[in-house]
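What follows is a set of notes on a single structure, which appears directly below.
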Amino acid sequence: MSPMFEYAPAPESRAVVDIAPSYGLFVDGEFREAAGGKSFKTVSPSTEEVLAEVAHAGAEDVDAAVAAARRAFASWSALPGAERAKYLFRIARIIQERSRELAVLETLDNGKPIRETRDADLPLVAAHFFYHAGWADKLAHAGYGPDPRPLGVAAQVIPWNFPLMMLAWKVAPALACGNTVVLKPAETTPLSALFFADVCRQAGLPKGVVNILTGDGSTGAALVAHEGVDKVAFTGSTAVGKQIARTVAGSAKKLTLELGGKGANIVFDDAPVDQAVEGIVNGIYFNQGQVCCAGSRLLVQESVQDELLEALRRRLSTLRVGDPLDKNTDVGAINSAEQLARITELADSGEAEGAERWSPACELPERGFWFAPTVFTNVTQAHRIAREEIFGPVLSVLSFRTPDEAVAKANNSQYGLSAGVWTEKGSRILAMAGRLRAGVVWANTFNKFDPTSPFGGYRESGFGREGGRHGLEAYLDV
Amino acid sequence: MTVCYARRYAPLVTMPASSPTAPAAPPPAAPPALADATASDAALRRFLHGLPGVDAVGLEARAAQLGTRSIKTTAKAYAIDLAISMIDLTTLEGSDTPGKVRALCAKGVNPDPTDRTVPKVAAICVYPDMVATARQALDACGGQDVKVASVATAFPSGRAELGVKLADTRDAVAAGADEIDMVIDRGAFLSGRYMKVFEEIRAVKQACARAGGGDAHLKVIFENGELSTYDNIRRASWLAMLAGADVIKTSTGKVAVNATPANTLLMLEAVRDFRAATGTQIGVKPAGGIRTAKDSIKYLVMVNEVLGDDWLHPDWFRFGASSLLNDLLMQRQKLTTGRYSGPDYVTVD
């Protein structure tokens, strides 16, 4: 039976974004072909349609970009902070003005719903530039000495899950502190970074301050290994993070890594149930679960487990999965075939290891990369799906009896990026937050981001902080 | 959920009603699944305070998120007609006259004089002394199926003796009211005298009985703006539903904060959980402050996504509103003709 109140399609118009058939590298303020002439295609994960052909940067291009950034560094770092702030404010405002265009572009290239790019990604991107613009002339008051100096050229490698937002988290503090940047966006989502290059031109940013190199893992490896680089910042998988740490070891390069996670979302029996359900949904189905700090492990107190899971299943049945450009879509496409295969393999292992799998009834589109929102119950600490990062819309439900057990299970992970605590008891929130080994602990909410709040991990989730006063340290010579 | 709630409240169900303040009145006829929750003042308090808490930030964020749904074309047409059919077209002014009430009734039956395909509103909502006038006026213009709702119980403040409130109610029912919109005693609620509020609702419900059998539908108004916290609104919702309310209603429209998406969402969750626990379906009526078609559609989206098809009917969801109707009509004209009209193309009332 079809529902009585069926929402008609409400697609956001693609006409607001003009994607060129091909894009070059952004080096020294100009777009140029890759020296080797190589290129690759970027597709829309929801339809597998080819969106554009993008230059593939090789070692020669990395040389050129780092050299351009080095040339620009002298004058950029010599600018008074207030002058650098003007550029950052300008960039922030241009992003706001072009936010609809950038949101549609991001949705096309990444596969995430327009509701998220419009209401979460783009506002946060602008907020990061505004926030760091404010710091540019106040670095003397940040607690890093009377006149903290920038590091030089920052090599930044970012992931595909929040392409433009991760760019903002990297570029904004780097520029505010007086560094210049060579940034490599992810192979599957290069477009928004190239549009950002255009934003930089529009803002009149001096040549060479921001350089964008598109390419695959080899481009990133060449960039972080380059001798002319003073700082390496990476967000992505733990495996690649470890590789980068090995590459950088023994050099003078300053390194920050923001890697994987297996966040525990802990629900006590006195939690606000309806809001906890929303928090669980937001924790693991936001951005199709492709979030490093996702609440992929639900730890629920046994006394309320049945009640909570029933409410959760009822809520998941109302999730709208489909066309990411439809304004009413809650869950979009998985970013790539490769990622889909990984999610599928891990979910299958959950079943094979005896966990109980459930998904709401939902029709997945035929073309593109799709995975239905999934919940696993009867999961134990011994299951792979309780330990490995799935990076997809798959929730593993475990239970606990006492706060001590909750802490022990939450901390029993190689990762330590995020955690959530749901209880109406304030003292318990504070006690839990102190004992959880996670870089971010959310109380009665999940996946909330703010440029004023430092973000980062413990253990295999990486080191260094992004955002807030703490995040400046990564880009200052202190 | 039935099982879950039974488990959550199991201690209550087995608890002896030993409180000295237990009412001497016959035991309330709360739904059997939760009968013991109302066995005594203490049990009722423990029950209401044992309900899951409400996180204000999360509740408001969820309401705002549902407010971003984009309702277009066919969905919009469906929603506009549904919203019109759910309106309790209201006039509650000291200056009300029979002429004003008759005009409102005519509008409720034929909302758009240029388009007879527009559905009728659900009810005309007036003060008790206008009930007879409204009934006659509706019958005279083909609105036999449009209900007459009357506020009662010393609306809007509710500051009167129970006897006065009951007389007010009986008067409205005798005059032909199909529905009674009562206000709770917020003073008693805020001072923690839940059993007083409970018994008052029960008494008003009895006063809704018609001489010839059957009874008027009882809507219970909380005045959310005065209850102030979401925890209070959730407790008031359960209190009223246990006491026999047919519909729970946000507000009188007479205070600064009336219906909001968040407090209505909370009440939708309450009726959802109550049906799961008891099998009894209760209606919801946000009132006051809903003036635009866009706003009303946001409320319908909430009903749709929280409660589903079972509540998408004027029997189970109402809008207490006056100016909302004209905006819905203008939006409807836009959909049918393709261009925006103006306020001169809908009737003033």
Worksheet item: So what are the ³J(HN,Hα) numbers for region A:463-473, from phi and the Karplus equation (6.51, -1.76, 1.60; θ = phi - 60°), rounded to whole Hz, Gly and Pro as x?
Response: 8, x, 10, 10, x, x, 4, 4, x, 5, 4
Worksheet entry | Ranked list, fewest to most other Cβ atoms within 10 Å of each Cβ, for B:Cys105, A:Cys362 | A:Cys362, B:Cys105
Discussion item. Explain nothing, just the number: relative contact order of chain A, from Cα pairs under 8 Å at least 6 residues apart, as a whole percent.
Written reply: 18 percent
Discussion item. I need the phi-derived Karplus couplings for region A:436-449: 6.51 cos²θ - 1.76 cosθ + 1.60, θ = phi - 60°, integer Hz, Gly and Pro marked x.
Written reply: 7, 8, 8, x, 10, 10, 9, 10, 6, 6, 7, 6, 9, 10
Discussion item. Taking amide H atoms as placed 1.01 Å from N in the peptide plane, list the residues 5 or more away in sequence, or in a different chain, whose amide H sits under 5 Å from that of A:Ala52.
Written reply: A:Thr42
Worksheet entry | Cβ-Cβ FRET estimate between A:Lys38 and B:Tyr340, R0 fixed at 51 Å, reported to 0.05 | 0.40
Response to the item:
Checked region B:208-326 with the C-alpha gyration tensor, a ≥ b ≥ c its square-rooted eigenvalues, rounded below a/c of 1.5, otherwise prolate if a/b is larger than b/c and oblate if not; verdict rounded
Worksheet item: Going down the list B:Lys120/B:Lys147; B:Lys147/B:Lys298; B:Lys219/B:Lys254; A:Lys38/A:Lys254, which pairs span over 22 Å between their C-alpha atoms?
Response: B:Lys147/B:Lys298; A:Lys38/A:Lys254
Worksheet item: Over region A:264-443, what is the mean sequence separation of C-alpha contacts under 8 Å (at least six apart), divided by residue count, expressed as relative contact order in percent?
Response: 29 percent
Response to the item:
Applied in sequence order to region B:310-326, the curve 6.51 cos²θ - 1.76 cosθ + 1.60 (Karplus, θ = phi - 60°) yields integer Hz couplings, x standing for Gly and Pro, of 4, 9, 7, 7, x, 5, 10, 8, 9, 10, x, 7, 10, 6, 4, 4, 5
Worksheet entry | Amide H contacts of B:Phe317 (H built 1.01 Å from N, under 5 Å, at least 5 apart or other chain) | B:Val284
Worksheet item: Does region A:264-443 come out rounded, prolate or oblate by the C-alpha gyration tensor, with a ≥ b ≥ c the root eigenvalues, rounded set by a/c under 1.5 and, if not, prolate when a/b is larger than b/c and oblate if not?
Response: prolate
Worksheet item: In region A:211-306, which GluC sites (Glu not before Pro) are in a loop and have at most 14 other Cβ atoms within 10 Å, using DSSP for the loop call?
Response: A:Glu227
Worksheet entry | Long-range HN-HN contacts of A:Thr214 with modeled amide H, under 5 Å | A:Phe26, A:Ala57
Worksheet item: What trypsin sites (Lys or Arg not before Pro) does region B:81-184 have in DSSP loop regions with at most 16 other beta carbons within 10 Å?
Response: B:Arg116, B:Arg159
Discussion item. Run the helix sum for chain A: -39,500 (n - 2.57) per DSSP H stretch of 4+ residues, divided by residue count, reported at 222 nm to the nearest 500 deg cm²/dmol.
Written reply: -11500 deg cm²/dmol
Response to the item:
Treating only Lys and Arg (+1) and Asp and Glu (-1) as charged, each at its beta carbon, one finds that region A:264-443 has a dipole about its Cα centre, in Debye to the nearest 20, of 480 debye
Worksheet item: D for chain B, whole µm²/s, Stokes-Einstein with Kirkwood Rh over alpha-carbon pairs at 25 °C and 0.890 mPa s: what number?
Response: 119 µm²/s
Worksheet entry | Once exposed loop GluC sites (Glu not before Pro) are cut out (DSSP; at most 11 other Cβ, 10 Å), longest piece of chain B | B:162-349
Discussion item. Please compute the volume of the convex hull spanned by the alpha-carbon atoms of chain A and report it per residue in Å³.
Written reply: 140 Å³
Fill in: Mean Cβ neighbour count within 10 Å, used as a protection proxy, ranking B:278-285, B:320-327 highest first
B:320-327, B:278-285
Worksheet item: So what's Rg/Rh here for region A:6-127, counting alpha carbon atoms and using the Kirkwood radius for Rh?
Response: 1.05
Fill in: Rg to Rh, two decimals, where the protein assembly as shown supplies the alpha carbon set and Rh follows Kirkwood
1.04
Fill in: DSSP-loop chymotrypsin sites (Phe, Trp or Tyr not before Pro) across region B:253-349, with at most 12 other Cβ within 10 angstrom
B:Tyr340
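Read-outs throughout are calculated quantities, based only on the coordinates presented, and are distinct from any laboratory measurement. If you're wondering where the values come from, they're calculated on a predicted model, not measured in any experiment. Don't worry about glycine lacking a Cβ; one is built from the backbone with ideal geometry, like all the others, and counts go over all protein chains shown.
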